[in-house]
Amino acid sequence: MSRAEYDLVIRGGTVVTADATREACDVGVRNGRVEALGVAGRGTEEIDARGMLVMPGGVDAHCHIAQISSTGVFTADDFHSGGISAAVGGTTTIVPFAAQHRGNSLRQVVRDYQVHASQSFVDYAFHLIVSDPSDVVLGDELPSLVREGHTSFKVYMTYDALRLTDRQVLEVLGIAKREGALTMFHAENHDAIAWLTQRLLAEGRTSPKWHPYARPEPVEREATARAIMLAELVDVPILIVHVSGREALEEIRHAKARGTRVYAETCPQYLSFVAEDLDQPGFEGAKLMFSPPARSVASQNALWSGLQDGSIDLFSSDHAPYRFDDPKGKKANGDNPPFTKVPNGVPSIGIRLPYLFSEGVQQGRLTAQRFVELVSSAPAQIYGLYPRKGTIAVGSDADLVVWDPSREVTITQPLLRDRMDYTPWEGMQSLGWPVITVSRGEIIVRDGEVSGAAGRGRFLDRRAVPGSTP
Ligand code: DUC
Ligand code: ZN
Ligand code: ZN
């Protein structure tokens with residue numbers, strides 16, 4: 001018998017990339033890379049993918065892993081558990097944040113995250129969070145870290161512990177322009193939130209359901225417009241993360257129409273929940289506390305149209321996992337603290353792809369190709385990982401998902417394999433599911449069975465990809 005030509009062949013599936021759909025297509029993998037696309041000879045291991053979609057593994061470009069929140073609480077997931085949950089949901093690359101807190105050296109922060117990330121289950125890169133743009137950070141650390149491959153950073157326009165002034169934002173944007181990096185914005189107006197919050201608290205409106213009232217849509221709209229204006233002054237591309245509402249999206253549409261290079265991201269929680277969903281007995285609403293907050297059905301419809309027409313460029317999780325019934329999670333400040341003292345965020349790294357496939361592709365809102373673009377190709381392109389990640393092409397890393405479009409799955413927290421004690425999507429019926437996840441040619445999830453060593457994920461140097469920096 002002749003020797004196998006490939007380590008792995010995924011045979012006869014419908015291969016979907018952002019730009020093409022190939023029926024009855026084999027994918028041949030050798031040494032962790034795609035080596036054949038179309039017809040492949042024998043593989044040491046073979047997967048029969050007839051009736052399945054074969055897509056590039058997801059790239060989650062917005063997730064908080066092993067990070068201390070602005071309220072001082074550590075995320076429930078580290079790079080091992082977060083990476084496993086990602087892989088179970090079809091994601092093979094993550095880009096979490098190396099988050100600077102004031103007074104910290106940015107370079108030391110990156111070193112610390114490298115230690116955390118040495119346990120990563122999937123491949124990873126870091127964005128930086130710049131919260132203290134001191135002379136040393138601006139003059140030395142930030143430029144040199146960009147040159148070393150950390151080519152994106154997030155700035156916050158709100159949160160006492162993290163926010164930058166407009167002047168500081170301009171300084172950071174100047175470095176982004178000079179060094180060829182992309183600045184990501186958390187766009188909410190800090191003073192408006194502080195004023196509204198003070199009034200709500202004074203009126204005794206302290207339970208989780210008031211959280212969205214402290215940060216209504218105009219707060220996001222104004223900050224989005226301001227971020228765009230600041231970027232236009234410097235003439236540098238920016239990206240608005242977690243766009244939640246119709247109003248902010250309108251600002252982005254206008255800016256794109258006049259030629260400003262502004263990318264926009266949204267996340268599953270904004271399509272799934274509305275502000276009224278936080279109105280639950282006791283502290284339950286804290287499970288749905290994230291910022292910017294849940295909005296309205298009108299905003300959800302606007303986000304879907306943005307995903308369809310390209311006003312929204314990518315779909316990330318903003319996974320920020322804080323356990324509900326836990327003094328190290330949502331209850332870090334007591335069993336029923338005011339909404340101002342609850343860590344913000346939801347666990348969403350595992351649900352990201354199944355949610356968008358089920359609600360987007362299966363509901364006829366998105367094509368499968370657009371789905372791939374939103375969850376994989378666009379984030380890889382925008383953040384300098386393409387075409388190593390984000391596509392299925394000869395020479396690309398063999399990061400693949402075999403997706404059963406007709407598999408019906410009821411979502412439960414244990415299924416998602418994170419370290420949480422709840423999922424906001426408990427009970428959701430997902431039509432379509434990633435039955436096999438492959439990372440650099442290694443099958444790391446098969447029918448919910450996870451295999452692969454801790455720390456198998458590799459750091460992705462974003463300098464190495466010509467032509468893909470913004
Ligand atoms: N808001 C953020 O800004 N980051 C993490 C999660 C959240 O809700
Ligand atoms: Zn944010
Ligand atoms: Zn975030």
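The values are calculated or read from the model by the stated rules, or taken from the named source; none is laboratory data. The structure displayed is predicted, hence computed values, not measured ones. Here the Cβ is made from the backbone with ideal geometry for all residues, glycine too, and neighbour counts use every protein chain on show. We work out accessible area using only protein heavy atoms, side chains counted, and drop any ligands, DNA or RNA first. Shrake-Rupley method; radii C 1.70, N 1.55, O 1.52, S 1.80 Å.
Couple of notes before you dig in:
- Accessible surface, the range 238-311, averaged per residue in Å² (probe 1.4 Å): 33 Å²
- Rounded tilt (10° steps) of 217-234 against the dominant C-alpha axis of the chain: 80 degrees
- The C-alpha atoms of the chain define a longest principal axis, and helix 166-179 lies at about 30 degrees to it.
- With DNA, RNA and ligands ignored, accessible area of Glu222 (1.4 Å probe; Å², nearest 10): 70 Å²
- Residues of the chain were split at every exposed loop site, defined as trypsin sites (Lys or Arg not before Pro) in a DSSP loop with at most 11 other C-beta atoms within 10 angstrom, and the longest piece left, sites excluded, is 259-470.
- Options Gly139, Val109, Phe97, ranked by Cα towards positive dipole end of the range 58-370, top entry (Cβ charges): Phe97
- Each of Arg205 and Ser144 was given a label point 7 Å from its Cα along the Cα-to-Cβ line. The distance between the two points is 5.0 nm.
- Bridge type composition, the chain - antiparallel percent by DSSP, nearest 5: 45 percent
- Helix 190-202 axis versus longest C-alpha principal axis of the chain: approximately 70°, rounded to the nearest ten.
- Judged by the gyration tensor of its Cα atoms, with axes a ≥ b ≥ c, the range 58-370 is rounded; a/c sits under the 1.5 cut.
- Calculated mean residue ellipticity, 222 nm, the chain: -7500 deg cm²/dmol, from DSSP H runs (n ≥ 4) at -39500 (n - 2.57) each, averaged per residue and rounded to 500.
- Taking a Cβ cut-off of under 15 Å around Gly57, the surrounding Lys, Arg, Asp and Glu residues balance to a net charge of +2, with basic ones at +1 and acidic ones at -1.
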